[in-house]
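Engineer: Please find one structure pasted underneath; my questions will follow.
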Amino acid sequence: DVQVTFLSNNTGALTYPGYTSGKTYIDVDRYSSGGNGIDPHKLFNSSVSTAANTTFFISFVVRIPSAATVALTTTAEYSVTLRNTTNTAYLSRFFIGKDVSNNIEFGISCGQAAGNAVWTNGDYVANTNYLIVLRYDIETGSNNDDMWLWVNPSSFPLEPTTGTANQSQINANSNEAGYGAAVNSIMIHQRSSTNSPYAFLDAFKVAIGTGQG
C-alpha cells in the first residue's frame, strides 16, 4: 500500500466512520492568478509500470460547501487524478459537479476531460462527508482501460465489488491518456476556469496491485 498525505493549513480532519483521517484537510478551488504550485502532487515510493495489467485503488474523504460546485458540462474541470510527472498526461480523473436540480454529483473519466466523463445520479448534498473509492485498471493494449467509482461503499472496510459501483467506464474507447511507461503520483487539480469546483479533501490512500485484468 502507498499512504498519501497532503499538508495544508486547515485545522481538523474530514472524518468518515471507520476510515482513518489525518489532522488537516486541503482545499481544491479555482485560483485568480498565477499557476506555480497550483496543482500539488504526491510522488509514490516508486513508479508503477503501465506495461502490465495493474489495478489502482484510490480512496479519500470529500466535503463540498454549499453552492460551491459547478454544472455538469463537457468542460467541467477535474479535481483528482493519477499522473506521470515526466509528461503532461493524466488518467483516472475524478470530477465534482451539480445536476440541473442542484444536487451534487461525482464523475469519472479514464483519461480525458469531462466530455468523456460519466456521472453519478445519487443526489448528494452539500456540507456532508463522503467516502470516495476509485478503482482504475490499466489493461495492456490501447483504449481499453476500466474505471469504477463508489460513494460510501456498503462493503467498507472490505474491497467493494465492481457490480456495486455507483458509476463505471469500461473498455474506455479513445479516452485513455498517453501516460507513458509509468504512473508515479497522485495530483490535486485546480484552474482559474469557472468550471472548476470548490471542495475539501482529506485522507488520501492509494493501493496498487499487479497482474489483474
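The values are calculated or read from the model by the stated rules, or taken from the named source; none is laboratory data. A quick note: this is a predicted structure, and the numbers were derived from the prediction, not measured. All Cβ positions, glycine included, derive from the backbone under ideal geometry; neighbour counts span all protein chains shown. Just the protein is used for accessible areas: all its heavy atoms, side chains included, with ligands, DNA and RNA removed. Shrake-Rupley method; radii C 1.70, N 1.55, O 1.52, S 1.80 Å.
Engineer: Protein chains only, probe 1.4 Å: how do Thr50, Thr55, Thr128 rank by accessible area, largest first?
Structural biologist: Thr128, Thr50, Thr55
Engineer: Keeping every protein chain in place, order Ser79, Ser101 by accessible area at 1.4 Å, biggest value first, i.e. largest first.
Structural biologist: If we order Ser79, Ser101 from most to least accessible, we get Ser101, Ser79.
Engineer: Cα to Cα, under 27 Å, and not fewer than 8 places away if on the same chain: which lysines meet these conditions relative to Lys42?
Structural biologist: Lys42 reaches Lys23, Lys205.
Engineer: Take every Cα pair under 8 Å in the range 39-132 that's 6+ residues apart, average their separations, divide by the length, and report that relative contact order as a whole percent.
Structural biologist: 29
Engineer: How much accessible surface area, in Å² rounded to 10, belongs to the heavy atoms of Asp39 with a 1.4 Å probe?
Structural biologist: 50
Engineer: Tally Lys and Arg at +1 and Asp and Glu at -1 over the other residues with C-beta under 12 Å from the C-beta of Ile170: what net charge comes out?
Structural biologist: -3
Engineer: If you rank Trp150, Trp119 by how much accessible surface each has, with a 1.4 Å probe, what is the order from largest down?
Structural biologist: Reading off the accessible areas and sorting them downward yields Trp119, Trp150.
Engineer: Please report the base-10 log of the normalised intensity I(q)/I(0) for the range 87-144, using a Debye sum with one equal scatterer per alpha carbon and no solvent, at each q in 0.19, 0.22, 0.25, 0.30 (1/Å).
Structural biologist: -0.77, -0.94, -1.10, -1.33
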